[in-house]
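What follows draws every value from the coordinates through simple rules; no lab data is involved. Because the structure is predicted, anything quoted here is derived from the model rather than measured. Don't worry about glycine lacking a Cβ; one is built from the backbone with ideal geometry, like all the others, and counts go over all protein chains shown.
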Amino acid sequence: MNKKTSHALFHSFCVRPDIRFEAQDENEEVILVLRAHPFTQIFWIINAFIMFLILFLLNVVLSMFFNSTQILFFNFFILAIIFSYLWFNFLSWYFNVGIITNHRVVDVDFSSIIYKEVTYANLGKIEDVSSKSAGFFSSIFNYGNIFIQTAGTEVNVEFFNVPRASEVAKIVNQLIHS
Amino acid sequence: MDQILNFFNNQNIISLFFKAFAICFSLIYLFFAIVILKQTQVMSQTVQSKTSSLIFFISLIQLFIGIALFSMAILII
């Protein structure tokens, strides 16, 4: 396992990053931080671009019904909406992380930003690690899903659309057996 | 008082509705920006990194945009 800090793919695959999480122990070291592959986020970027185009076209129609101050406010408001849409999706991507430490695996999920779920799985309790990569784009861009099964009634951990899924599974297996 | 009466006399119905919608929607946006700012703090506490302050700052900008929109809706439109 590489001991040098590195951030690849727009910080979606970070090795030994300078990151701490809420319940991190004193002697616990963050090995890997994973986010969804940047390609999977392209859709909301395209949506924002389409919204911007629609706003541009709407301005042609609006001038027939409203005065310049009203049109200015409308444009400002829609641009604020587009900015918020982009920022909301960015925050959702940035803070939905999978963290692998020398002690455990942590899955941080923020559903729609307001609902927080953090799942911990100690390395000693992990029974099976599997990676799945299906589809044209996931093959091209090398991303997939990681499923970490724990013993008995413990909660299972899943990382979706993470880069280099097979490498991540290999790293977790190495940590379990070390 | 005269200004209020003049406002209702001179403004057409479309402008009146536009102002009402502008105030309502800008208020909703302002509440949204406050929620996002608060949640940004929660998220930054959960996953702490060097970029936490930058992320908080951008969320603060969003709040200022919300305040500007609301002020514009009240005072200018």
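Lysine pairs in the protein assembly as shown whose alpha-carbon atoms fall under 23 angstrom of each other, counting only those eight or more residues apart or on distinct chains, come to 9.
What fraction of the Cα pairs in segment A:26-120, stated in percent, has a spacing above 20 angstrom? Pairs farther apart than 20 Å: 55 percent. Counting Cβ atoms of other protein chains within 10 Å of each residue's Cβ and taking the mean over peptide A:77-83 gives 4.
The alpha carbon gyration tensor of segment B:6-77 gives principal lengths a ≥ b ≥ c with a/c of 1.5 or higher and a/b greater than b/c, which makes the shape prolate. Partner shielding of A:91-97 amounts to 4, given as the average count of beta-carbon atoms from other chains within 10 Å of each residue beta-carbon. Residues B:47, A:15, ranked from the fewest to the most other C-beta atoms within 10 Å, line up as A:15, B:47. Mean-square fluctuations from a GNM of chain B, with a 10 angstrom spring cutoff on Cα atoms, peak among B:62, B:48, B:39 at B:48. Among A:31, B:14, sorting on how many other beta-carbon atoms sit within 10 Å of each Cβ, with the fewest leading, yields B:14, A:31.
Taking every full run of DSSP H in chain A, the ones that stretch at least 24 Å from end to end by Cα along their long axis and average 1.6 or higher on the Kyte-Doolittle scale are A:42-62. One Cα centroid belongs to segment A:103-178, the other to segment B:13-53; the line between them spans 33 Å.
Can you give the FRET efficiency to the nearest 0.05 for residue B:71 and residue A:48, using r as the Cβ-Cβ distance and R₀ = 25 Å? Using R0 = 25 Å, I get an efficiency of 0.50. Taking other Cβ atoms within 10 Å as a rough exposure proxy, A:177, A:37 sort from fewest to most as A:177, A:37.
Each Cα pair under 8 Å and six or more residues apart adds its sequence gap; the mean of these over the residue count of segment A:1-94 is a relative contact order of 22 percent. Overall dimensions of segment A:10-67, expressed as equivalent-ellipsoid semi-axes from the Cα gyration tensor (√(5λ), whole Å, largest first), are 46, 14, 7. Can you tell me how segment A:102-158 classifies by the Cα gyration tensor, rounded, prolate or oblate, using a/c under 1.5 as the rounded cut? Since a/c reaches 1.5 but b/c is at least a/b, the shape of segment A:102-158 is classed as oblate. Per-residue shielding of B:35-45, expressed as the average number of other chain Cβ atoms within 10 Å of the residue Cβ, stands at 4.
Counting only alpha carbon atoms, the long axis of helix B:52-71 and the longest principal axis of chain B meet at about 10°. Dividing the convex hull volume of the alpha carbon atoms of chain A by its residue count gives 151 Å³ per residue.
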